[in-house]
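Report on one structure; see the data block that follows.
All of the numbers you see were taken from the coordinates with simple rules; none came from a lab. Just so you know, these numbers come straight off a predicted model, no measurement behind them. Note that each Cβ is placed from the backbone with ideal geometry, even for glycine, and that neighbours are counted across all protein chains shown.
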Amino acid sequence: MKIFRHLIYKEVLSAVAFVSLGFLALFFFFDLLDEMRSVGRIPGYTLSYALLAVALEVPNHLYELLPITVLIGTIFVMARFAQNSEFTIMRVSGMGPWLALRTMVVLGLAFVVLTGVIGDYLAPAADRLALQAQSKYLGRSKSAGSTGAWLKERVDGRTIAVNASSVDADGRLQWVRIFEFDSTGRMLQQIHAARAQVQPDSDHWELAEVRRSRFSYAGDGASANSAREATGVQQEHLPTLRYPSSITGDMMLAAVHKPAHMPMLELWRFTQHLKANDQSAQKYEIEFWRKVFYPLSCLVMVVLALPFAYLHFRSGGIASYVFGGIMAGISFFLLNNVFSYAGNLQNWSPLWSAAAPGLIYSALSLGAFGWLVVRQ
């Protein structure tokens, strides 16, 4: 049995690697074509930077493609084993359905670990390097859209809203605005800064080129309306200012990054910060649970491909089964995105929105295994 297991592992790994390289080459080509439109048109944007930008997208593409390539490669190997009667020899030699299932589960768990490492470490690291390269070669930071990135926190009964137009990989913020309110909603101070450095493992920011406005209000004896109207504004210009804040550079990066490109632990911390400050965390919670369940889809795909080894055919037919595997992989990818968007729009449970596609395909794979394998 050990020889058979090694044979299956070797063939599946080779097929999955070949399919993954093919898809990555295709994505690399199209990404390069897209980047070439900017070469020479944007000052400082050269061919070497375009190649670097495209290369740093490879880990993200590999993370997204692995469940599909695992399914296609495994289906191809299992169908070829059936066509050449190799799997029949394995069955006659003692490889029963449950031993075959256990063999595929072990292989699937290896792909689960690989997908998790790529999605949680390699892809975010590549995104950070891309952001550093963008700041170095183009002088641009990660933009947060027309309104910038917004975060909120509560400190000693005060509410603080922070806005930054862009942020780079080192946590440096550009064009920062800070609005501080008291427990009744009155604005206490407003700070505008050209730049802000978020100190790592620290509870303060270093603001540069600061313009601060402090508001004072009527005393307790004043009327309710006059108490909400500022009776005085004190303005000052400072070259630097240390501002206490528990918002970290990673949180600001999270606010401008796509949630899918964030590490799992960072997503969890950012979600807890949003919930603690009464901000909507639905999108980030769904993405967190997708991060949890997405690597497990490789295990589902491997089990889904196992019944193809029990089909009876001797010539031809592999291409049609591989095409069916491609369609199944694409349908899983589409279903995963549909449940994510629908869960965000309909306010479904983040856990079930992320787990539903994997559960559906798990039921399909086990049903196919039971129908084609166990009942035979």
Helix-derived mean residue ellipticity, 222 nm - over the chain, DSSP H n ≥ 4, -39500 (n - 2.57), to 500
-18000 deg cm²/dmol
On full extension of the chain, what length is gained from Ile326 through Arg158, given 0.36 nm per residue of separation minus the C-alpha to C-alpha distance?
55.1 nm
May I ask you to order 278-290, 47-59, 176-188 by the average number of other C-beta atoms within 10 Å around their residues, highest value first?
278-290, 47-59, 176-188
Evaluate 2.2 N^0.38 Å with N set to the residue count of the chain, then give the Cα radius of gyration divided by it.
1.30
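Cβ neighbours within 10 Å, averaged per peptide: list 334-341, 348-355, 90-97 in order, most packed at the top. Spell out each step's value before the answer.
Numbers: 334-341: 16.0, 348-355: 18.4, 90-97: 14.4.
Top of the packing list down: 348-355, 334-341, 90-97.
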